[in-house]
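A.B. asks: Before I ask anything, here is the structure I am working with.
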Amino acid sequence: MYIIVVGCGKVGYTLVEQLSGENHNIVVVDERAERVQELTESLDAMGVVGNGISHQTLMEAGIDKADLLVAVTGSDEQNLLCCVLAKKAGHCNAIARVRNPIYHKELEFLQKEFGLAMIINPESAAANEIARLFQFPSALEIDSFANGHVELLHFRIGKNSPLIHEKVMNIRTFHHNILVAMVKRNDQVIIPNGEFVFEEGDIAAIAADPAEATSFFKKLGIGTGRVSNAMIIGGGTIAYYLAEKLIATGIHTTIIEVNRERCEELSDKLPNAVIVHGDGTDQNLLLQEGLPNAEGFAALTGLDEENILLSLYAKGISNAKTMTKINRIKFTEVINNLNLDSIVYPRLTTAALITKYVRSMSNSMGSNVENLYRLEDGKAEALEFIIHESSPVVGIPLHQLRIRKNILIACIYHRGKVIIPGGNDCMQIGDSVVVIAANHRIGDINEILEA
């Protein structure tokens, strides 16, 4: 595909980084020559220096032959206008990043009226992720499929876990209707077979419907109840969206923000939240506001280092479920060794949403990519396919399919029923199928098969 990315900031760079490995022709556009040069020298992309809302610049970038334009500049209005001009100039599909909360309730309207393929709000997506984990704090990460009917829950095998030294095949001793889809051990991602033995420190991912997952965690002696209160450090856009969602579910929410003017703005917009003006790195203030008794803690300041230290401090003096926002992702190995609870990368979430759409556009076979989650620093992916026409996988028992190594059919959602598949189960037209793939990039359900 021919793809134009307007905006060479963090999200633009991450998006090109992911898409350039999937055999697309990519052109980046930005007014800052140094950003264009930096990106094109390090990644497989062409560059054009100019304004994305200039018709001449778009023509220079090849809008007349583009399949997709993605606008991720720092201005919502520029992104929307760029997409509208692109559709008129080149008749391509267009995706805009829109972040300002004033547009949040109008995104569906804007998408429809402007004829856009997608509008993405990274801050809202990050807030959704945090809110979901506060509802199920035992999980490190939750990936949702089939409109919430199927979940992939990641959790750490603690030192007292009854799963230590158990084989995967014995998991039915604890619960029969879940499937161990993936295990991360140190830096290795494993699609386990029945003989795989769990060890302390492993991060396992199970596929199940939410009720079955809750039952499984209870049998392991792991609490599953949502948090009753949460403390948020930093009063930015993610904090606003998050507080709105937490308050709506009855979670007592406190926001600590250093900027007085922003505190007053948040007080007006969030009358049911407790807004505290102060420095979130002040230990005395954190103690005074009840951090030792907090059940949920989200470090959402603009500094990664500050967020990491805050979360480590919160883990040391409380039993809170901690969430840490990270914008820069070049030190993931160091971060992973810090034993933080859950980490949110807003720009990775955004890039994954766009990558999902690109793969669906590229596919002309028997299914489409409904959801895509990059797992463990991109070492694996979890994908949901909707099977919409006959293909070589339809109606054939799984044990008869020649499925490629390091690919697992984790779940089938068939006519309202969640199926943890065995060898005799089949995929049918209309099913949602969740696939875990390690060291593969697949865009169609047929690609799970050996050539």
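The values are calculated or read from the model by the stated rules, or taken from the named source; none is laboratory data. Note that the coordinates shown come from a computational prediction; the quantities given were computed from them, not determined experimentally. Here the Cβ positions follow ideal geometry from the backbone for every residue, glycine too, while neighbour counts run over all protein chains shown. All accessible areas refer to the heavy atoms of the entire protein, side chains included, with ligands and DNA or RNA removed. Shrake-Rupley method; radii C 1.70, N 1.55, O 1.52, S 1.80 Å.
A.B. asks: Using only alpha carbon pairs under 8 Å that are at least six residues apart, calculate the relative contact order of region 199-344 and give it in whole percent. Provide the component values of the computation, followed by the final result.
C.D. replies: Working: 209 pairs, mean separation 27.8, N = 146.
So the answer I get is 19 percent.
A.B. asks: Please report the net charge: other residues with Cβ closer than 15 Å to the Cβ of Gly250, K and R +1, D and E -1.
C.D. replies: 0
A.B. asks: Under 30 Å Cα to Cα from Lys218, which lysines show up? Leave out anything in the same chain fewer than 8 places away.
C.D. replies: The reachable lysines, counting only those whose Cα sits under 30 Å from Lys218, are Lys159, Lys167, Lys184, Lys245, Lys315, Lys321, Lys325, Lys379, Lys417.
A.B. asks: Please compute the per residue accessible area over the chain with all protein chains in place, 1.4 Å probe, rounded to a whole number of Å². Don't skip to the answer; put the middle values down first.
C.D. replies: Values: 19790 Å² over 451 residues.
About 44 Å² of surface per residue is accessible.
A.B. asks: Out of all DSSP beta bridges in region 188-296, what portion is antiparallel? Express it as a percent rounded to 5. Mind dumping the intermediate values first?
C.D. replies: Details: 0 of 10 bridges.
The antiparallel proportion sits near 0 percent.
A.B. asks: Assigning unit charges at the beta carbon (Lys, Arg +1; Asp, Glu -1) and nothing else, what dipole magnitude in debye, to the nearest 20, does region 314-439 show about its Cα centre?
C.D. replies: Details: 15 positive and 10 negative charges, 75 e Å.
Result for region 314-439 is approximately 360 debye, rounded to the nearest 20.
A.B. asks: Here's a follow-up. Any idea what the dipole of the chain comes to, in debye rounded to 20, about its Cα centre with Lys/Arg Cβ at +1 and Asp/Glu Cβ at -1? Don't jump to the answer; show the numbers that get you there.
C.D. replies: Numbers: 40 positive and 55 negative charges, 184 e Å.
Computed charge dipole of the chain: roughly 880 debye.
A.B. asks: Let me ask you something else. Within region 142-173, which residues have the backbone N less than 19 Å from the label spot 7 Å out from Glu199 along Cα→beta-carbon, could you tell me?
C.D. replies: 155-170
A.B. asks: Along the charge dipole of the chain, which of Leu372, Ser124, Gly225 sits closest to the positive end, that is, farthest toward it, with unit charges on the beta carbon of Lys, Arg, Asp and Glu (+1, +1, -1, -1)?
C.D. replies: The Cα lying farthest towards the positive end belongs to Gly225.
A.B. asks: Here's a follow-up. Below 8 Å, C-alpha to C-alpha, sequence gap of six or more: please give me the relative contact order for the chain in percent. Don't skip to the end; give the middle numbers.
C.D. replies: Numbers: 921 pairs, mean separation 50.5, N = 451.
Averaging sequence separation for qualifying contacts and normalising by length gives 11 percent for the chain.
A.B. asks: Hey, which lysines would be in cross-link range of Lys65, C-alpha to C-alpha under 30 Å, not counting anything within fewer than 8 residues on its own chain?
C.D. replies: Lys10, Lys87, Lys88, Lys112, Lys356
A.B. asks: Quick one: pull the percent of accessible area on the chain belonging to carbon and sulfur, 1.4 Å probe, ligands and nucleic acids left out. Can you show the working numbers first?
C.D. replies: On the way: 9220 of 19790 Å².
Heavy-atom surface of the chain belonging to carbon and sulfur, 1.4 Å probe: 47 percent.
A.B. asks: May I ask what percent, to the nearest 5, of DSSP beta bridges between residues of the chain are antiparallel?
C.D. replies: Values: 45 of 86 bridges.
Taking every DSSP beta bridge with both residues in the chain, the antiparallel ones total about 50 percent.
A.B. asks: Averaging sequence separations of C-alpha pairs under 8 Å and six or more residues apart, then dividing by the length of region 6-115, give the relative contact order as a whole percent. Write down the numbers at each step before the final one.
C.D. replies: Details: 160 pairs, mean separation 24.1, N = 110.
In percent, rounded to a whole number, it is 22.
A.B. asks: Calculated from the structure, P(r) over Cα pairs in 20 Å bins from 0, in percent equals which of (i) 24, 55, 21, 0; (ii) 25, 59, 16, 0; (iii) 17, 32, 21, 14, 9, 5, 2, 0?
C.D. replies: (i)
A.B. asks: Sort 146-158, 29-41 by the packing proxy (mean of other Cβ within 10 Å over each peptide's residues), most packed first.
C.D. replies: Working: 146-158: 19.5, 29-41: 16.7.
Taking the mean over residues of other Cβ atoms within 10 Å, the ranking is 146-158, 29-41.
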